[in-house]
Ligand code: PGA
């Protein structure tokens with residue numbers, strides 16, 4: 001495990017973008033797993049800058065996102081598809097058909113879960129997966145549980161997650177209660193994992209995840225077993 005302590009959110013974002021940019025440069029036709037939330041926004045801004053400077057080419061890349069709310073259409077401003085388009089995908093030269101976000105807006109969620117796992121497999125697996133971490137240790141929307149879910153699945157969001165995400169919606173009632181997420185095995189199968197966390201209030205859960213017991217009660221703790229994990233934190 002490689003732990004990098006950044007001095008600011010800006011520096012954390014630059015480090016993370018540099019690692020992702022190096023991966024894209026080394027394997028331009030690879031698969032990058034992307035995350036949403038407030039933490040990766042600076043990373044995406046920096047990747048867009050690198051693209052605009054002519055230092056990065058996304059044209060051969062495939063992207064797969066971790067998760068999506070159930071019941072929100074892709075053009076809903078709080079959907080994760082919308083977020084990805086806004087902060088990264090529409091601003092770089094990735095082929096739209098090679099960008100994937102699981103659909104939580106379907107009548108057959110089980111079929112969507114199966115199809116998403118197949119899609120990742122058919123793309124050759126994930127070369128680098130970017131992760132944020134929730135206050136309860138969730139990665140993607142893998143919430144604390146009594147087991148580590150393997151493949152893509154639907155989840156009921158915990159009250160704390162609904163509280164944390166209310167800031168993006170007009171009211172708490174509008175936050176979807178269910179979501180679709182990549183499973184823990186899919187994340188662990190990524191060849192490289194890059195976890196970013198910023199803010200003093202995230203440091204306790206990061207410490208617990210990387211130094212505490214490995215338990216599905218802290219889903220991110222499984223990352224201790226990943227052979228190529230980089231964690232970038234900034235306490236700011
Ligand atoms: P945040 O969310 O980046 O908005 O803190 C992280 C997460 O819940 O995974």
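Bear in mind these aren't lab numbers, they're just calculated from the coordinates by the rules spelled out. Nothing here was measured: the structure is a model prediction, and the numbers come from that model. Cβ placement follows ideal geometry from the backbone for every residue including glycine, while neighbour counts extend to all protein chains displayed.
General observations
- C-alpha center-to-center spacing [region 34-75, region 166-218] in angstrom: 17
- Once C-alpha pairs closer than 8 Å and six or more residues apart are averaged by separation and normalised to the residue number of the chain, the relative contact order reads 26 percent.
- The stretch between residue 156 and residue 90 holds 20.8 nm of extra length on full extension. This uses 0.36 nm per residue minus the Cα-Cα distance.
- CD proxy at 222 nm, helix term only [per DSSP H run n ≥ 4: -39500 (n - 2.57); per residue of the chain; nearest 500]: -9500 deg cm²/dmol
- Relative contact order for region 169-236, counting Cα pairs under 8 Å that sit 6 or more residues apart, in percent: 37
- Taken along the Cα-to-beta-carbon direction at a fixed 7 Å, the label points for residue 45 and residue 18 span 1.8 nm.
- Cβ-Cβ FRET estimate between residue 185 and residue 207, R0 fixed at 30 Å, reported to 0.05: 0.75
- Shape call, region 38-152: gyration tensor on alpha carbons, a/c limit 1.5: prolate
- Result for the chain in a Gaussian network model with C-alpha springs under 10 Å: among 194, 61, 225, the largest mean-square fluctuation is at 225.
- GNM result for the chain, Cα springs below 10 Å: residue of 54, 134, 71 fluctuating most strongly: 54
- q = 0.22, 0.27, 0.29 Å⁻¹: log10 I(q)/I(0) that the Debye formula gives for region 60-113, counting C-alpha atoms only: -0.82, -1.10, -1.19
- Prolate/oblate/rounded label for the chain (Cα gyration tensor, a/c 1.5): rounded
- Cα pair distances in region 135-222, grouped into 10 Å bins until the bin that holds the longest one, percent each: 16, 47, 33, 4
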